[in-house]
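Inspection log for the structure reproduced underneath, given as structure tokens.
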Amino acid sequence: MKKLVATAPRVAALVEYEDRAVMAHEVKIQVCYGAPKHGTEVVDFRAASPFIDEEFNAEWQMFTPRERGTARGIEFGKFQLGNMIVGDIIECGTSVTDYRAGDRVCCYGPLQETVIVNAVNNYKLRKMPQGASWKNAVCYDPAQFAMSGVRDANVRVGDFVVVVGLGAIGQIAVQLAKKAGASVVIGVDPIAHRGEIACRHGADYWLDPVGTDVGLEIKKLTGKQGADVIIETSGFADALQSALRGLAYGGTISYVAFAKPFTEGFNLGREAHFNNAKIVFSRACSEPNPDYPRWNRQRIEETCWELLMNGYLNCEDLIDPVVTFQSSAESYMNFVDQHPELSIKMGVTF
């Protein structure tokens, strides 16, 4: 049996593992399809995550150094790659009553041939409706962060909305913003293929930021008004600078990205200072939700699953490329790490 592991920073490999029988509360899934996470997982893969030598202390609500002698947050050689899987249940524990062998399910899990998960009171283990798209299913995770970004920005009917970064989260945010009633949706990304997909699924315009004054172009496309809402998913300093330049007076930037460190040159003394800009940091899995107690992570997840399974969201074009599990190590290093411009969200078939 094989699993995809980061054996060193920026090195992926298929390594063998020993399968085991399930415990009473578990099921075993024969994996058919899967996908990695192209955002925070890649930061970990590149050994650039603050979680390696620090931990987020819930009591202090801040990063603090790990205690001396404790394991690092990411241990290469043990760090499994992958985010979502779809497959068929092949074994059920004795306490499992809600699932049976043969059920097709979707859940969080690493890219490996079989995945064992808790199946008692686990709402994250989702049964796939008959005929449902596996490509929509593996977008379960990015859909949550896209939806959270749109909700936290308070997108309303008639708004001018800009989505910066057209990876999976940005693409889904485009769809949600347009369906929420935005009158103009503008996608920003340097990759033309991503812009074309966004325009097929709700964007009215696509802007290539390379060599373009994005803020000025946003103002031109909105009659000098600027964007009511900008959803920033790229994490780059120049993207945020452009967003502040293109934002309407009193507008909101919903910052979804897990940002890289900003280099010298980022400036909050320009348009941000004069235009009463608001930046809200959006993260679907931070509790309590801004709309607690009405909304929490579970409600976001259940809503996203329904929208993905009933076809309200269309993620067929977002799973690109699709590679075999046998080639997943080389493909991960190529499409996810070294050349992310060649992919949106890589799909894996087993």
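Every number in this text was worked out from the coordinates using simple rules, so none of it is lab data. Computed from a predicted model, the values in this text were never measured in an experiment. Cβ sites come from the backbone with ideal geometry, for glycine too, and all protein chains shown count toward neighbours.
Numbers below:
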quantity	calculated
Electrostatic dipole magnitude of the chain [Cβ: Lys, Arg +1; Asp, Glu -1; Cα centre; debye, to 20]	520 debye
Relative packing of peptides 322-334, 233-245 - highest average C-beta neighbours within 10 Å first	233-245, 322-334
Taking only Cα atoms of segment 167-318, radius of gyration then Dmax in Å	15.8, 46
Rg/Rh ratio calculated on Cα atoms of segment 1-139 (Kirkwood radius)	1.02
Long-range amide H partners of ILE231 with built H, under 5 Å	VAL162, VAL163, VAL164, SER254
Calculated FRET efficiency for the pair GLU18/ARG156, C-beta based, R₀ 41 Å, to 0.05	0.15
Nonlocal amide H pairs with SER282, under 5 Å, H built at 1.01 Å	TYR255, VAL256
For the chain: span of alpha carbons on each principal axis (Å, largest first)	63, 49, 41
Amide H within-cut-off set for VAL322, under 5 Å, with H built and near neighbours excluded	GLY347
Selection from SER343, LEU166, GLY226 lying farthest towards where the dipole of the chain points positive, charges on Cβ	GLY226
Mean ellipticity per residue at 222 nm, deg cm²/dmol - from DSSP H runs of n ≥ 4 across the chain, formula -39500 (n - 2.57)	-6500 deg cm²/dmol
